[in-house]
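The values are calculated or read from the model by the stated rules, or taken from the named source; none is laboratory data. Everything quoted here is computed from the prediction, not taken from an experiment. Here Cβ is always computed from backbone atoms with ideal geometry, including for glycine, and neighbour counts include all displayed protein chains.
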């Protein structure tokens, strides 16, 4: 064989990954995924937080439309035994809370009017109670569906006990004071006949106890009552819930629904520190949310803000008081 026909001594090899190179690539991909996942989760949470803030803006706008139309922010109603009655108007005579009284200002006039003019509107009221509203539910927490009503008490004055309730993830600001019970009179006649002092004596434990927030039992607060400035006082915001009980109606602060009167289902106090929802943790009457880092709050001027859970306790307390005499800067 001639020298020209001889093959090279070393054959060409096809290039390929070695096992080490493959493992390195897999490790790099794993690191990149690990870096990207928090960013993806943060983006998803930001996407959920935005509609929640928009919910509060709509609710705050409804509060202000109520203020313009009725001369005061919606009343807090009478207590957890009572729900809204369209035959009782919008004043302190209305036993339902702010969730009911804002319905006409959320384009829900028909829902508000169910039972209007009826001598016994219990059946119509039960239908309303089981009607959820998407504007009342944070998408991070739960959907706007009817949840089971497991409370033992029937609702006055018709003695109804609906199988389900629409619930709210938001609470109005009742102030920086403690919560003084949701008990209430057994009839319209009894409630109408009592003076404000007698109401406080019977259902606050003392005639000297006053709520200093914006919405509470039989309240009729307007702009003139908010001495600290509309931009410095909480109006309505997200409230704390235990994730173990989002759907079962078990805890005392989530066992009824959005149309009831004065109760921890629909009112919160700044006497409690705000906090993020935590499994196994009870924190009734407090503001908070399912969001990481902060919760959404609408101020009395209608603006919506993101409030850090680490807000100074004294600042949080003051922002619940409509007339503390202290004006805060930078919040």
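Can you pull out every residue in region 224-234 that is crowded, with 19+ Cβ neighbours inside 10 Å and assigned to a helix (DSSP H, G or I)? If the condition is that a residue be crowded, with 19+ Cβ neighbours inside 10 Å and assigned to a helix (DSSP H, G or I), then 232 is the only one that fits. In region 163-205, what count of residues is obtained for those that are within 25 Å of the chain's Cα centre (by Cα) and at pLDDT 90 or above? Here the count works out to 16.
Does residue 268 satisfy being within 17 Å of the chain's Cα centre (by Cα), exposed (fewer than 14 other Cβ atoms within 10 Å of the Cβ) and touching a residue at least 12 places away in the same chain (Cβ under 8 Å)? Taking the combined requirement at face value, the residue does not satisfy it. Consider region 235-252 and keep the residues that are surrounded by fewer than 24 Cβ atoms within 10 Å (Cβ to Cβ) and in contact with a strand residue (DSSP E or B) (Cβ under 9 Å, 6 or more places away or on another chain). The one that is nearest to residue 309 (Cα to Cα) is 246.
Report yes if some residue within region 301-318 is in contact with a helix residue (DSSP H, G or I) (Cβ under 6 Å, 6 or more places away or on another chain), at pLDDT 95 or above and assigned to a loop (DSSP other than H, G, I, E, B); otherwise report no. Within region 301-318, one or more residues are in contact with a helix residue (DSSP H, G or I) (Cβ under 6 Å, 6 or more places away or on another chain), at pLDDT 95 or above and assigned to a loop (DSSP other than H, G, I, E, B).
Pairing each residue of region 162-182 that is touching a residue at least 40 places away in the same chain (Cβ under 8 Å) and at positive phi with any residue that is in a loop (DSSP other than H, G, I, E, B) and surrounded by fewer than 21 Cβ atoms within 10 Å (Cβ to Cβ), provided the two are 6+ apart or on different chains, yields C-beta distances under 6 Å for 175/212. Filtered by the rule that a residue be on the phi > 0 side of the Ramachandran plot and touching a helix residue (DSSP H, G or I) at 6+ places or on another chain (Cβ under 8 Å), region 95-152 gives 115, 117. The residues listed here are 61, 50, 56, 67; of these, the one that is farther than 15 Å from residue 258 by Cβ, within 17 Å of the chain's Cα centre (by Cα), modelled with pLDDT of 95 or more and in a helix (DSSP H, G or I) is 61. The number of residues in region 286-300 being crowded, with 20+ Cβ neighbours inside 10 Å and assigned to a loop (DSSP other than H, G, I, E, B) comes to 4. Every residue in region 189-201 that is without any contact (Cβ under 8 Å) to a residue 60 or more places away in the chain and surrounded by 15 or more Cβ atoms within 10 Å (Cβ to Cβ), please. 194, 199, 200, 201 - these are the residues of region 189-201 that are without any contact (Cβ under 8 Å) to a residue 60 or more places away in the chain and surrounded by 15 or more Cβ atoms within 10 Å (Cβ to Cβ).
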